[in-house]
Amino acid sequence: MQPSHAKYLFVTGGVMSGLGKGIVSSSIAKLLQLSGKKVSCVKIDPYLNFDAGTMNPVAHGEVFVTEDGGECDMDIGNYERFLNQNIPKTHNITTGQIYTSVLEAERKGEYLGACVQIIPHVTDMIKQRIRQVASEENIDVLVVECGGTVGDMESLPFLEAIRQMGIEDGSDRTMFVHVTLAPSLDVVGEQKSKPTQHSVQELRRIGIQPDMLVVRSKVPLDPAVKTKIALFSNVQLGNVFSCYDASSVLRVPQMLHDQMITEAIAKKFNGQKSTIEDGMKSWNGIAESFESVSGAVKIAMVGKYVKLADSYVSVNEALRHAGAKIGKKVKIEWIDSEDLGNLEKLAGYDGIIVPGGFGSRGSEGIIAAANYAREKNIPYLGICFGFQLATVAFARHVCGMQDANTTEISPQTKHPIVDLLPEQKTVENKGGSLRLGAHEISIKQGTMASKLYGSVAINRRHRHRYEFNKDFQAQLSEKGMVFSGESDSGRRQEILEIPTHKFYLAVQYHPEFNSRPGFPEECFLSFIKAASGS
Ligand code: GLN
(Lines give C-alpha, C1' and ligand atoms only; values in the text may rest on other atoms or scores of the structure.)
Protein backbone atom coordinates (compact mmCIF):
# COMPACT_ATOMS: atom_id res chain seq x y z
CA MET A 1 0.00 0.00 0.00
CA GLN A 2 1.27 3.49 -0.92
CA PRO A 3 1.85 5.68 2.13
CA SER A 4 -0.86 8.31 2.12
CA HIS A 5 -0.84 11.93 3.19
CA ALA A 6 -4.48 11.62 4.25
CA LYS A 7 -5.90 13.05 7.41
CA TYR A 8 -8.60 11.08 9.18
CA LEU A 9 -11.60 12.59 10.88
CA PHE A 10 -13.41 9.97 12.93
CA VAL A 11 -17.02 10.54 13.90
CA THR A 12 -18.42 8.54 16.81
CA GLY A 13 -21.83 8.71 18.41
CA GLY A 14 -22.97 8.71 21.98
CA VAL A 15 -26.10 8.66 24.16
CA MET A 16 -28.44 7.06 21.64
CA SER A 17 -28.82 6.11 18.02
CA GLY A 18 -30.61 8.18 15.42
CA LEU A 19 -28.91 11.46 16.32
CA GLY A 20 -27.98 12.23 12.75
CA LYS A 21 -24.31 11.22 12.83
CA GLY A 22 -24.60 10.60 9.09
CA ILE A 23 -25.75 14.15 8.49
CA VAL A 24 -23.03 15.58 10.74
CA SER A 25 -20.40 13.49 8.92
CA SER A 26 -21.76 14.51 5.51
CA SER A 27 -21.91 18.17 6.54
CA ILE A 28 -18.33 18.20 7.81
CA ALA A 29 -17.21 16.45 4.61
CA LYS A 30 -19.11 19.05 2.57
CA LEU A 31 -17.34 21.93 4.34
CA LEU A 32 -13.97 20.28 3.75
CA GLN A 33 -14.85 19.70 0.09
CA LEU A 34 -15.78 23.37 -0.26
CA SER A 35 -12.40 24.23 1.28
CA GLY A 36 -10.82 22.62 -1.77
CA LYS A 37 -9.90 19.31 -0.18
CA LYS A 38 -10.22 15.95 -1.88
CA VAL A 39 -12.56 14.38 0.59
CA SER A 40 -14.61 11.24 0.92
CA CYS A 41 -16.51 9.36 3.60
CA VAL A 42 -16.38 5.85 5.00
CA LYS A 43 -19.14 4.21 6.99
CA ILE A 44 -18.33 1.52 9.52
CA ASP A 45 -21.21 -0.81 10.34
CA PRO A 46 -20.38 -3.07 13.26
CA TYR A 47 -22.90 -5.76 12.38
CA LEU A 48 -21.93 -9.28 11.27
CA ASN A 49 -23.71 -9.20 7.91
CA PHE A 50 -21.21 -8.95 5.07
CA ASP A 51 -23.23 -6.06 3.63
CA ALA A 52 -26.69 -4.53 3.86
CA GLY A 53 -27.97 -6.54 0.87
CA THR A 54 -29.89 -9.16 2.77
CA MET A 55 -31.34 -6.87 5.41
CA ASN A 56 -34.99 -5.93 5.59
CA PRO A 57 -35.40 -2.26 4.61
CA VAL A 58 -38.16 -1.79 7.16
CA ALA A 59 -35.83 -2.68 10.01
CA HIS A 60 -32.64 -1.22 8.63
CA GLY A 61 -33.56 1.46 6.10
CA GLU A 62 -32.95 1.26 2.39
CA VAL A 63 -30.14 -0.67 0.78
CA PHE A 64 -28.17 1.93 -1.13
CA VAL A 65 -26.57 0.64 -4.33
CA THR A 66 -23.28 2.15 -5.41
CA GLU A 67 -22.06 2.61 -8.95
CA ASP A 68 -19.71 -0.38 -8.52
CA GLY A 69 -22.51 -2.64 -7.31
CA GLY A 70 -22.15 -2.45 -3.53
CA GLU A 71 -25.27 -2.99 -1.44
CA CYS A 72 -24.58 -0.48 1.26
CA ASP A 73 -25.88 1.29 4.30
CA MET A 74 -28.13 4.22 3.54
CA ASP A 75 -25.60 6.70 4.94
CA ILE A 76 -23.57 6.16 1.77
CA GLY A 77 -26.52 7.79 0.01
CA ASN A 78 -26.27 10.82 2.30
CA TYR A 79 -22.59 11.17 1.48
CA GLU A 80 -23.24 10.95 -2.26
CA ARG A 81 -26.04 13.51 -2.07
CA PHE A 82 -24.07 15.97 0.06
CA LEU A 83 -20.81 15.64 -1.83
CA ASN A 84 -22.37 15.16 -5.29
CA GLN A 85 -19.78 12.47 -5.79
CA ASN A 86 -19.88 8.70 -6.20
CA ILE A 87 -18.74 6.61 -3.24
CA PRO A 88 -17.26 3.18 -4.00
CA LYS A 89 -18.42 0.09 -2.12
CA THR A 90 -15.12 -0.25 -0.26
CA HIS A 91 -16.30 2.74 1.79
CA ASN A 92 -18.80 0.65 3.72
CA ILE A 93 -16.86 -1.52 6.15
CA THR A 94 -18.69 -4.15 8.21
CA THR A 95 -17.61 -6.57 10.90
CA GLY A 96 -18.65 -9.34 8.49
CA GLN A 97 -16.14 -8.15 5.88
CA ILE A 98 -13.33 -7.72 8.40
CA TYR A 99 -13.79 -11.19 9.88
CA THR A 100 -14.09 -12.72 6.40
CA SER A 101 -10.75 -11.18 5.38
CA VAL A 102 -9.07 -12.23 8.63
CA LEU A 103 -10.33 -15.81 8.32
CA GLU A 104 -9.35 -15.99 4.64
CA ALA A 105 -5.86 -14.79 5.53
CA GLU A 106 -5.69 -17.34 8.33
CA ARG A 107 -6.62 -20.17 5.94
CA LYS A 108 -4.01 -19.01 3.46
CA GLY A 109 -1.46 -19.31 6.21
CA GLU A 110 -0.68 -15.63 6.42
CA TYR A 111 -0.61 -15.74 10.22
CA LEU A 112 1.35 -19.00 10.44
CA GLY A 113 2.41 -19.69 13.98
CA ALA A 114 0.23 -17.00 15.49
CA CYS A 115 -2.87 -17.28 17.60
CA VAL A 116 -5.27 -15.09 15.62
CA GLN A 117 -6.89 -12.51 17.88
CA ILE A 118 -9.10 -9.45 17.87
CA ILE A 119 -6.07 -7.40 18.85
CA PRO A 120 -3.94 -7.17 16.75
CA HIS A 121 -5.32 -9.12 13.78
CA VAL A 122 -8.85 -7.79 13.57
CA THR A 123 -7.82 -4.25 14.49
CA ASP A 124 -4.95 -4.37 11.97
CA MET A 125 -7.40 -5.44 9.25
CA ILE A 126 -9.69 -2.52 10.13
CA LYS A 127 -6.82 -0.03 9.96
CA GLN A 128 -5.67 -1.50 6.67
CA ARG A 129 -9.13 -1.17 5.13
CA ILE A 130 -9.42 2.49 6.18
CA ARG A 131 -5.92 3.41 5.06
CA GLN A 132 -6.34 1.59 1.78
CA VAL A 133 -9.32 3.76 0.83
CA ALA A 134 -7.33 6.93 1.56
CA SER A 135 -4.25 5.76 -0.28
CA GLU A 136 -5.94 4.29 -3.37
CA GLU A 137 -8.03 7.37 -3.92
CA ASN A 138 -5.36 9.87 -2.93
CA ILE A 139 -7.67 11.49 -0.42
CA ASP A 140 -6.76 14.60 1.61
CA VAL A 141 -9.31 14.10 4.36
CA LEU A 142 -11.25 10.92 4.96
CA VAL A 143 -14.28 11.25 7.19
CA VAL A 144 -14.87 7.90 8.91
CA GLU A 145 -18.25 7.49 10.56
CA CYS A 146 -18.43 4.72 13.15
CA GLY A 147 -21.91 3.30 13.25
CA GLY A 148 -23.55 2.39 16.52
CA THR A 149 -23.33 4.08 19.90
CA VAL A 150 -20.27 4.18 22.13
CA GLY A 151 -20.72 1.48 24.73
CA ASP A 152 -22.00 -1.10 22.24
CA MET A 153 -20.02 -4.31 22.45
CA GLU A 154 -19.91 -4.73 18.66
CA SER A 155 -18.13 -1.48 17.91
CA LEU A 156 -15.27 -2.02 20.38
CA PRO A 157 -12.75 -3.45 17.85
CA PHE A 158 -13.40 -0.49 15.53
CA LEU A 159 -12.97 2.06 18.30
CA GLU A 160 -9.76 0.33 19.36
CA ALA A 161 -8.51 0.45 15.76
CA ILE A 162 -9.18 4.16 15.37
CA ARG A 163 -7.63 4.83 18.78
CA GLN A 164 -4.48 3.14 17.48
CA MET A 165 -4.61 5.22 14.31
CA GLY A 166 -4.61 8.31 16.51
CA ILE A 167 -1.24 7.20 17.90
CA GLU A 168 0.26 5.80 14.70
CA ASP A 169 -0.77 8.55 12.29
CA GLY A 170 -0.25 11.33 14.83
CA SER A 171 -2.46 13.95 16.36
CA ASP A 172 -2.12 16.43 13.46
CA ARG A 173 -3.45 13.78 11.07
CA THR A 174 -6.27 12.33 13.13
CA MET A 175 -9.23 13.94 14.76
CA PHE A 176 -12.04 12.55 16.89
CA VAL A 177 -15.47 14.13 16.68
CA HIS A 178 -18.13 12.83 19.04
CA VAL A 179 -21.81 13.45 18.35
CA THR A 180 -24.04 13.50 21.42
CA LEU A 181 -27.39 14.74 22.65
CA ALA A 182 -28.42 17.44 25.12
CA PRO A 183 -32.03 16.51 25.83
CA SER A 184 -34.44 18.90 27.44
CA LEU A 185 -37.38 17.75 29.49
CA ASP A 186 -40.43 19.53 28.23
CA VAL A 187 -41.73 20.58 31.62
CA VAL A 188 -38.60 22.47 32.64
CA GLY A 189 -37.11 23.09 29.19
CA GLU A 190 -33.58 22.99 30.59
CA GLN A 191 -30.92 21.35 28.41
CA LYS A 192 -29.14 18.53 30.16
CA SER A 193 -25.40 18.01 29.87
CA LYS A 194 -25.06 14.77 31.83
CA PRO A 195 -25.72 12.29 28.97
CA THR A 196 -22.89 13.95 27.01
CA GLN A 197 -20.56 13.83 30.00
CA HIS A 198 -21.24 10.13 30.52
CA SER A 199 -20.85 9.32 26.87
CA VAL A 200 -17.49 11.11 26.70
CA GLN A 201 -16.40 9.24 29.82
CA GLU A 202 -17.28 5.98 28.09
CA LEU A 203 -15.19 7.01 25.08
CA ARG A 204 -12.27 7.98 27.28
CA ARG A 205 -12.50 4.68 29.13
CA ILE A 206 -11.52 3.01 25.87
CA GLY A 207 -8.77 5.51 25.31
CA ILE A 208 -10.27 8.12 22.98
CA GLN A 209 -10.39 11.73 24.09
CA PRO A 210 -12.64 13.56 21.63
CA ASP A 211 -11.16 16.68 20.05
CA MET A 212 -14.55 18.03 19.21
CA LEU A 213 -18.16 17.58 20.26
CA VAL A 214 -21.21 18.13 18.11
CA VAL A 215 -24.18 18.30 20.45
CA ARG A 216 -27.65 17.68 19.11
CA SER A 217 -30.55 19.53 20.69
CA LYS A 218 -33.92 20.97 19.82
CA VAL A 219 -32.84 24.61 20.07
CA PRO A 220 -29.31 26.14 20.05
CA LEU A 221 -27.22 25.01 22.96
CA ASP A 222 -27.43 27.31 25.98
CA PRO A 223 -23.99 28.97 26.50
CA ALA A 224 -23.88 27.88 30.15
CA VAL A 225 -24.61 24.26 29.20
CA LYS A 226 -21.99 24.46 26.48
CA THR A 227 -19.38 25.71 28.96
CA LYS A 228 -20.27 22.92 31.37
CA ILE A 229 -20.02 20.29 28.63
CA ALA A 230 -16.62 21.64 27.53
CA LEU A 231 -15.21 21.67 31.05
CA PHE A 232 -16.44 18.23 32.12
CA SER A 233 -15.70 16.56 28.80
CA ASN A 234 -12.19 18.00 28.66
CA VAL A 235 -12.84 19.59 25.25
CA GLN A 236 -11.99 23.21 24.46
CA LEU A 237 -15.03 25.48 24.53
CA GLY A 238 -14.37 26.54 20.92
CA ASN A 239 -14.59 22.90 19.89
CA VAL A 240 -18.09 22.29 21.25
CA PHE A 241 -20.64 22.80 18.49
CA SER A 242 -24.36 23.06 18.67
CA CYS A 243 -26.34 21.14 16.11
CA TYR A 244 -29.95 22.04 16.68
CA ASP A 245 -33.06 21.07 14.75
CA ALA A 246 -33.01 22.74 11.34
CA SER A 247 -35.63 23.30 8.65
CA SER A 248 -33.70 20.87 6.47
CA VAL A 249 -30.59 18.72 6.74
CA LEU A 250 -29.07 20.78 3.92
CA ARG A 251 -28.87 23.71 6.38
CA VAL A 252 -26.52 21.84 8.73
CA PRO A 253 -23.25 22.70 6.90
CA GLN A 254 -23.95 26.43 7.21
CA MET A 255 -25.05 26.02 10.84
CA LEU A 256 -21.73 24.40 11.75
CA HIS A 257 -19.73 26.78 9.56
CA ASP A 258 -21.30 29.78 11.34
CA GLN A 259 -19.84 28.42 14.58
CA MET A 260 -16.39 28.24 12.94
CA ILE A 261 -16.13 24.48 12.69
CA THR A 262 -14.25 24.79 9.37
CA GLU A 263 -11.55 26.87 11.06
CA ALA A 264 -11.41 24.52 14.06
CA ILE A 265 -10.81 21.51 11.81
CA ALA A 266 -8.18 23.37 9.76
CA LYS A 267 -6.43 24.34 13.00
CA LYS A 268 -6.36 20.76 14.25
CA PHE A 269 -4.97 19.52 10.95
CA ASN A 270 -2.48 22.40 10.70
CA GLY A 271 -4.16 23.35 7.46
CA GLN A 272 -4.51 26.63 5.66
CA LYS A 273 -7.67 28.56 6.30
CA SER A 274 -9.47 28.81 2.99
CA THR A 275 -12.55 30.79 2.12
CA ILE A 276 -15.50 28.73 1.20
CA GLU A 277 -18.09 31.46 0.95
CA ASP A 278 -18.71 31.12 -2.80
CA GLY A 279 -19.24 27.39 -2.53
CA MET A 280 -21.42 27.89 0.53
CA LYS A 281 -23.53 30.35 -1.41
CA SER A 282 -24.35 27.89 -4.16
CA TRP A 283 -24.96 25.07 -1.64
CA ASN A 284 -27.30 27.34 0.35
CA GLY A 285 -29.00 28.31 -2.90
CA ILE A 286 -29.84 24.65 -3.39
CA ALA A 287 -31.04 24.38 0.24
CA GLU A 288 -33.16 27.47 -0.35
CA SER A 289 -34.78 25.93 -3.44
CA PHE A 290 -36.26 23.19 -1.22
CA GLU A 291 -37.87 25.75 1.03
CA SER A 292 -39.24 28.20 -1.52
CA VAL A 293 -41.66 25.70 -3.02
CA SER A 294 -45.38 26.11 -3.35
CA GLY A 295 -48.51 24.40 -4.67
CA ALA A 296 -48.26 20.77 -3.62
CA VAL A 297 -47.93 17.95 -6.15
CA LYS A 298 -49.56 14.93 -4.54
CA ILE A 299 -47.78 11.64 -5.21
CA ALA A 300 -48.99 8.22 -4.15
CA MET A 301 -46.13 5.83 -3.47
CA VAL A 302 -47.50 2.31 -3.67
CA GLY A 303 -45.48 -0.56 -2.25
CA LYS A 304 -44.89 -3.04 0.51
CA TYR A 305 -42.26 -1.35 2.66
CA VAL A 306 -43.69 2.12 2.37
CA LYS A 307 -44.55 2.56 6.05
CA LEU A 308 -41.09 3.64 7.09
CA ALA A 309 -39.78 6.68 5.25
CA ASP A 310 -36.22 5.33 5.59
CA SER A 311 -36.95 2.22 3.53
CA TYR A 312 -37.20 4.34 0.38
CA VAL A 313 -35.12 7.32 1.41
CA SER A 314 -33.45 7.80 -2.00
CA VAL A 315 -36.80 7.67 -3.82
CA ASN A 316 -38.25 10.22 -1.41
CA GLU A 317 -35.22 12.44 -1.82
CA ALA A 318 -35.25 12.14 -5.62
CA LEU A 319 -38.92 13.20 -5.74
CA ARG A 320 -38.10 16.24 -3.61
CA HIS A 321 -35.04 17.09 -5.73
CA ALA A 322 -37.33 17.17 -8.75
CA GLY A 323 -39.95 19.27 -6.95
CA ALA A 324 -37.38 21.80 -5.75
CA LYS A 325 -36.04 22.17 -9.28
CA ILE A 326 -39.41 23.33 -10.58
CA GLY A 327 -40.48 25.18 -7.43
CA LYS A 328 -43.14 22.68 -6.42
CA LYS A 329 -43.73 21.11 -3.06
CA VAL A 330 -43.98 17.35 -3.42
CA LYS A 331 -46.34 15.71 -0.97
CA ILE A 332 -45.69 11.98 -0.82
CA GLU A 333 -48.29 9.68 0.64
CA TRP A 334 -47.36 6.07 1.25
CA ILE A 335 -49.95 3.51 0.32
CA ASP A 336 -49.52 -0.04 1.47
CA SER A 337 -50.15 -2.25 -1.55
CA GLU A 338 -51.29 -5.04 0.75
CA ASP A 339 -54.44 -3.24 1.77
CA LEU A 340 -55.02 -1.00 -1.19
CA GLY A 341 -58.76 -1.73 -1.13
CA ASN A 342 -60.76 0.57 -3.34
CA LEU A 343 -58.57 1.77 -6.19
CA GLU A 344 -60.57 4.96 -6.42
CA LYS A 345 -58.52 6.30 -3.54
CA LEU A 346 -55.73 6.74 -6.09
CA ALA A 347 -57.91 9.12 -8.12
CA GLY A 348 -56.98 12.12 -6.00
CA TYR A 349 -53.26 11.92 -6.76
CA ASP A 350 -51.30 13.82 -9.38
CA GLY A 351 -48.95 10.92 -9.89
CA ILE A 352 -48.36 7.31 -8.85
CA ILE A 353 -44.93 5.87 -8.20
CA VAL A 354 -44.09 2.22 -7.58
CA PRO A 355 -40.58 1.77 -6.19
CA GLY A 356 -38.49 -1.41 -6.08
CA GLY A 357 -39.61 -4.42 -4.10
CA PHE A 358 -39.37 -8.16 -3.64
CA GLY A 359 -41.71 -11.08 -3.13
CA SER A 360 -45.39 -11.74 -3.61
CA ARG A 361 -46.83 -9.92 -0.60
CA GLY A 362 -48.66 -6.84 -1.85
CA SER A 363 -47.83 -7.51 -5.50
CA GLU A 364 -51.47 -7.78 -6.67
CA GLY A 365 -52.07 -4.30 -5.25
CA ILE A 366 -49.10 -2.98 -7.21
CA ILE A 367 -50.31 -4.58 -10.45
CA ALA A 368 -53.76 -3.04 -9.86
CA ALA A 369 -52.22 0.39 -9.20
CA ALA A 370 -50.04 0.22 -12.34
CA ASN A 371 -53.12 -0.66 -14.35
CA TYR A 372 -55.24 2.03 -12.73
CA ALA A 373 -52.65 4.70 -13.56
CA ARG A 374 -52.67 3.57 -17.19
CA GLU A 375 -56.46 3.47 -17.50
CA LYS A 376 -57.02 6.81 -15.77
CA ASN A 377 -54.17 8.59 -17.53
CA ILE A 378 -52.45 9.42 -14.21
CA PRO A 379 -48.68 9.98 -14.52
CA TYR A 380 -46.89 6.79 -13.52
CA LEU A 381 -43.27 6.11 -12.70
CA GLY A 382 -42.28 2.49 -12.10
CA ILE A 383 -38.90 1.54 -10.71
CA CYS A 384 -37.52 -2.00 -10.97
CA PHE A 385 -40.41 -4.02 -9.44
CA GLY A 386 -42.61 -1.13 -10.61
CA PHE A 387 -41.27 -1.72 -14.15
CA GLN A 388 -41.74 -5.47 -14.02
CA LEU A 389 -45.27 -5.32 -12.64
CA ALA A 390 -46.25 -2.62 -15.16
CA THR A 391 -45.49 -5.13 -17.93
CA VAL A 392 -47.54 -7.77 -16.07
CA ALA A 393 -50.48 -5.34 -15.71
CA PHE A 394 -50.30 -4.49 -19.42
CA ALA A 395 -50.12 -8.16 -20.46
CA ARG A 396 -53.14 -8.99 -18.32
CA HIS A 397 -55.36 -6.04 -19.10
CA VAL A 398 -54.37 -5.00 -22.61
CA CYS A 399 -53.03 -8.19 -24.18
CA GLY A 400 -55.60 -10.51 -22.59
CA MET A 401 -53.15 -12.83 -20.85
CA GLN A 402 -55.12 -13.21 -17.69
CA ASP A 403 -52.64 -15.23 -15.69
CA ALA A 404 -49.65 -13.13 -16.73
CA ASN A 405 -47.18 -12.77 -13.90
CA THR A 406 -43.59 -12.69 -12.85
CA THR A 407 -42.16 -16.08 -11.94
CA GLU A 408 -41.00 -14.46 -8.70
CA ILE A 409 -44.67 -14.53 -7.65
CA SER A 410 -46.12 -17.35 -9.73
CA PRO A 411 -43.46 -19.81 -10.91
CA GLN A 412 -46.05 -21.87 -12.83
CA THR A 413 -47.73 -19.11 -14.84
CA LYS A 414 -48.35 -19.83 -18.54
CA HIS A 415 -47.40 -16.25 -19.30
CA PRO A 416 -44.09 -15.59 -17.54
CA ILE A 417 -43.87 -11.94 -18.60
CA VAL A 418 -41.07 -11.43 -16.09
CA ASP A 419 -38.63 -14.24 -15.49
CA LEU A 420 -35.39 -15.00 -13.72
CA LEU A 421 -32.29 -13.56 -15.38
CA PRO A 422 -30.74 -16.51 -17.27
CA GLU A 423 -27.47 -16.22 -15.37
CA GLN A 424 -29.39 -16.39 -12.07
CA LYS A 425 -30.63 -19.91 -12.71
CA THR A 426 -27.56 -21.49 -11.19
CA VAL A 427 -27.09 -18.98 -8.39
CA GLU A 428 -27.52 -20.43 -4.93
CA ASN A 429 -26.40 -17.78 -2.48
CA LYS A 430 -28.75 -14.93 -1.76
CA GLY A 431 -26.10 -12.41 -0.64
CA GLY A 432 -24.50 -10.16 -3.28
CA SER A 433 -25.81 -12.28 -6.14
CA LEU A 434 -28.33 -9.98 -7.82
CA ARG A 435 -27.55 -8.06 -11.00
CA LEU A 436 -25.95 -5.09 -9.31
CA GLY A 437 -24.48 -1.70 -10.02
CA ALA A 438 -24.14 0.50 -13.06
CA HIS A 439 -24.71 -0.86 -16.56
CA GLU A 440 -24.88 1.07 -19.79
CA ILE A 441 -28.30 1.50 -21.34
CA SER A 442 -28.81 2.53 -24.93
CA ILE A 443 -31.90 4.55 -25.62
CA LYS A 444 -33.93 4.46 -28.81
CA GLN A 445 -34.03 7.71 -30.68
CA GLY A 446 -37.33 9.52 -30.99
CA THR A 447 -38.76 8.09 -27.76
CA MET A 448 -39.83 9.93 -24.62
CA ALA A 449 -36.79 8.44 -22.84
CA SER A 450 -34.40 9.91 -25.42
CA LYS A 451 -36.09 13.27 -25.06
CA LEU A 452 -35.98 13.37 -21.31
CA TYR A 453 -32.38 12.18 -21.10
CA GLY A 454 -31.23 14.19 -24.11
CA SER A 455 -28.91 11.28 -24.81
CA VAL A 456 -28.78 7.87 -26.42
CA ALA A 457 -26.63 6.26 -23.75
CA ILE A 458 -26.82 6.45 -19.97
CA ASN A 459 -25.35 4.55 -17.05
CA ARG A 460 -27.67 3.59 -14.22
CA ARG A 461 -27.55 1.34 -11.16
CA HIS A 462 -29.35 -1.96 -10.87
CA ARG A 463 -30.45 -4.40 -8.22
CA HIS A 464 -32.60 -7.24 -9.50
CA ARG A 465 -32.85 -10.96 -10.09
CA TYR A 466 -35.75 -10.98 -12.57
CA GLU A 467 -36.25 -9.17 -15.87
CA PHE A 468 -38.78 -8.63 -18.63
CA ASN A 469 -39.10 -11.76 -20.76
CA LYS A 470 -38.35 -10.78 -24.35
CA ASP A 471 -40.51 -13.63 -25.70
CA PHE A 472 -43.48 -11.37 -24.99
CA GLN A 473 -42.04 -8.16 -26.37
CA ALA A 474 -43.74 -8.33 -29.78
CA GLN A 475 -47.17 -8.91 -28.22
CA LEU A 476 -46.86 -6.00 -25.80
CA SER A 477 -45.36 -3.70 -28.45
CA GLU A 478 -48.18 -4.46 -30.84
CA LYS A 479 -50.63 -3.12 -28.26
CA GLY A 480 -48.76 0.13 -27.75
CA MET A 481 -46.07 -0.42 -25.13
CA VAL A 482 -42.76 0.98 -26.35
CA PHE A 483 -39.51 -0.51 -25.08
CA SER A 484 -37.20 2.43 -25.36
CA GLY A 485 -34.00 1.38 -23.62
CA GLU A 486 -31.93 -1.77 -23.59
CA SER A 487 -28.66 -3.08 -22.24
CA ASP A 488 -26.16 -5.88 -22.79
CA SER A 489 -26.37 -5.60 -26.60
CA GLY A 490 -30.14 -5.77 -26.63
CA ARG A 491 -30.42 -8.76 -24.31
CA ARG A 492 -32.35 -6.86 -21.67
CA GLN A 493 -35.13 -4.33 -21.72
CA GLU A 494 -34.56 -1.42 -19.38
CA ILE A 495 -37.17 1.25 -20.14
CA LEU A 496 -40.83 1.15 -21.16
CA GLU A 497 -43.26 3.89 -22.04
CA ILE A 498 -46.77 4.30 -23.41
CA PRO A 499 -46.74 7.19 -25.88
CA THR A 500 -50.53 7.68 -25.88
CA HIS A 501 -50.48 8.23 -22.12
CA LYS A 502 -49.89 11.55 -20.37
CA PHE A 503 -46.77 10.10 -18.72
CA TYR A 504 -46.24 6.38 -18.31
CA LEU A 505 -42.62 5.49 -17.79
CA ALA A 506 -40.99 2.58 -16.03
CA VAL A 507 -37.38 1.59 -15.70
CA GLN A 508 -35.64 -1.63 -14.72
CA TYR A 509 -32.81 0.34 -13.06
CA HIS A 510 -32.87 2.54 -9.96
CA PRO A 511 -32.69 6.17 -11.04
CA GLU A 512 -33.10 7.36 -7.44
CA PHE A 513 -29.48 6.53 -6.61
CA ASN A 514 -28.24 9.06 -9.15
CA SER A 515 -30.40 11.94 -8.00
CA ARG A 516 -28.75 14.75 -6.04
CA PRO A 517 -29.94 18.03 -4.54
CA GLY A 518 -29.95 20.60 -7.33
CA PHE A 519 -29.47 17.85 -9.92
CA PRO A 520 -32.59 15.69 -10.00
CA GLU A 521 -32.41 12.48 -11.99
CA GLU A 522 -34.19 12.99 -15.32
CA CYS A 523 -37.00 10.42 -14.83
CA PHE A 524 -38.02 12.03 -11.58
CA LEU A 525 -37.88 15.51 -13.02
CA SER A 526 -40.07 14.60 -15.98
CA PHE A 527 -42.46 12.64 -13.75
CA ILE A 528 -42.94 15.55 -11.34
CA LYS A 529 -43.28 17.99 -14.24
CA ALA A 530 -46.00 15.80 -15.75
CA ALA A 531 -47.70 15.32 -12.37
CA SER A 532 -47.73 19.06 -11.73
CA GLY A 533 -49.13 19.69 -15.18
CA SER A 534 -46.15 21.84 -16.23
N1 GLN B 1 -37.91 -8.44 -7.13
C2 GLN B 1 -37.51 -7.95 -8.40
C3 GLN B 1 -36.25 -8.63 -8.90
O4 GLN B 1 -35.56 -9.26 -8.14
C5 GLN B 1 -37.32 -6.44 -8.37
C6 GLN B 1 -36.18 -6.00 -7.55
C7 GLN B 1 -36.22 -4.55 -7.18
O8 GLN B 1 -37.27 -3.92 -7.31
N9 GLN B 1 -35.12 -4.00 -6.70
O10 GLN B 1 -35.92 -8.56 -10.05
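The values are calculated or read from the model by the stated rules, or taken from the named source; none is laboratory data. Computed from a predicted model, the values in this text were never measured in an experiment. Here Cβ is always computed from backbone atoms with ideal geometry, including for glycine, and neighbour counts include all displayed protein chains. With ligands, DNA and RNA removed, areas are computed over all heavy atoms of the protein, side chains included. Shrake-Rupley method; radii C 1.70, N 1.55, O 1.52, S 1.80 Å.
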- Three-way shape call for the stretch 407-477 based on the alpha-carbon gyration tensor, with the a/c threshold at 1.5: oblate
- Task: Assign one of three labels to the stretch 271-344, namely rounded, prolate or oblate, based on the Cα gyration tensor with a ≥ b ≥ c the square roots of its eigenvalues; rounded applies when a/c is under 1.5, prolate when it is not and a/b is larger than b/c, and oblate otherwise.
- Result: oblate
- Taking H placed 1.01 Å from N in the peptide plane, check which residues at least 5 places from Y466 or on another chain put their amide H under 5 Å from its amide H. L421
- In degrees, nearest ten, helix 21-34 long axis to first principal axis of the chain (Cα): 80
- Got a sec to turn the phi values of the stretch 476-493 into Karplus ³J(HN,Hα) couplings, 6.51 cos²θ - 1.76 cosθ + 1.60 with θ = phi - 60°, whole Hz, x for Gly and Pro? 6, 5, 4, 8, x, 8, 9, 9, 10, x, 9, 9, 6, 6, x, 6, 10, 8
- Using the heavy atoms of the protein chains alone and a 1.4 angstrom probe, what is the accessible area of the stretch 34-119 per residue in square angstrom? 42
- Taking only the alpha-carbon positions of the stretch 1-157 and ignoring solvent, what does the Debye formula give for the base-10 log of I(q)/I(0) at q = 0.14, 0.15 Å⁻¹? -0.71, -0.82
- Note on the structure: Taking N as the residue count of the stretch 74-183, its alpha carbon Rg divided by 2.2 N^0.38 Å gives 1.17
- Note on the structure: Most packed first (mean Cβ within 10 Å per residue), the peptides 47-60, 421-434 order as 47-60, 421-434
- Note on the structure: Using alpha carbon centers only, the stretch 191-260 is separated from the stretch 263-336 by a whole-angstrom value of 24
- Query: Points 7 angstrom from Cα along the Cβ direction at K479 and R204: gap in nanometres?
  - Reply: 7.1
- Item | Under the Karplus curve 6.51 cos²θ - 1.76 cosθ + 1.60, θ = phi - 60°, whole-Hz ³J(HN,Hα) for the stretch 137-153, x wherever Gly or Pro sits | 9, 6, 8, 7, 10, 10, 8, 10, 8, 8, x, x, 10, 4, x, 5, 5
- If you roll a 1.4 Å probe over the heavy atoms of the protein chains, what accessible area per residue do you get for the stretch 264-307, in Å²? 53
- Task: On the protein heavy atoms, probe 1.4 angstrom, tell me the percent of accessible surface of the chain carried by carbon and sulfur.
- Result: 51
- Where does the Debye-calculated log10 I(q)/I(0) of the stretch 372-521 sit at q = 0.18, 0.20 Å⁻¹, using only Cα point scatterers of equal weight, no solvent? -1.11, -1.35
- Under 5 Å between amide H atoms, partner at least 5 residues away or on a different chain: which partners does G437 have, H built in plane at 1.01 Å? G69, H462
- Message: Between 0 and 90 degrees, rounded to the nearest ten: what's the tilt of helix 123-136 against the longest Cα principal axis of the chain?
- Response: 70
- Note on the structure: The answer for the per residue Cα convex hull volume of the chain, in Å³, is 166
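For the stretch 245-306, which semi-axes, largest first and in whole Å, follow from the square roots of 5 times the eigenvalues of its Cα gyration tensor?
34, 15, 10
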- Compute the length gained on full extension between K345 and Y111: take 0.36 nm times their separation in residues and subtract their Cα-Cα distance, giving the result in nm to one decimal. 77.9 nm
- Query: Over the chain, what is the relative contact order in whole percent, taking alpha-carbon pairs under 8 Å and six or more residues apart?
  - Reply: 15
- Query: Ignoring ligands, DNA and RNA, what accessible area per residue does the stretch 149-201 give at 1.4 Å, in Å²?
  - Reply: 46
- Per Stokes-Einstein, at 25 °C and 0.890 mPa s, what whole-number D in µm² s⁻¹ belongs to the stretch 179-280, with the Kirkwood radius over Cα pairs as the hydrodynamic radius? 169
- Descending packing, highest mean Cβ count within 10 Å first, for 366-376, 226-236, 470-480, 387-397 is 387-397, 366-376, 226-236, 470-480
- Among 282-295, 117-130, 20-33, 512-525, what's the highest-first ranking by average C-beta atoms within 10 angstrom per residue? 20-33, 512-525, 117-130, 282-295
- Relative to the present Cα-Cα distance, how much length would full extension add between V187 and K331 at 0.36 nm per residue of separation? 48.5 nm
- Under Karplus coefficients 6.51, -1.76 and 1.60, residue-wise ³J(HN,Hα) of the stretch 386-391 in Hz, glycine/proline x: x, 7, 4, 6, 5, 5
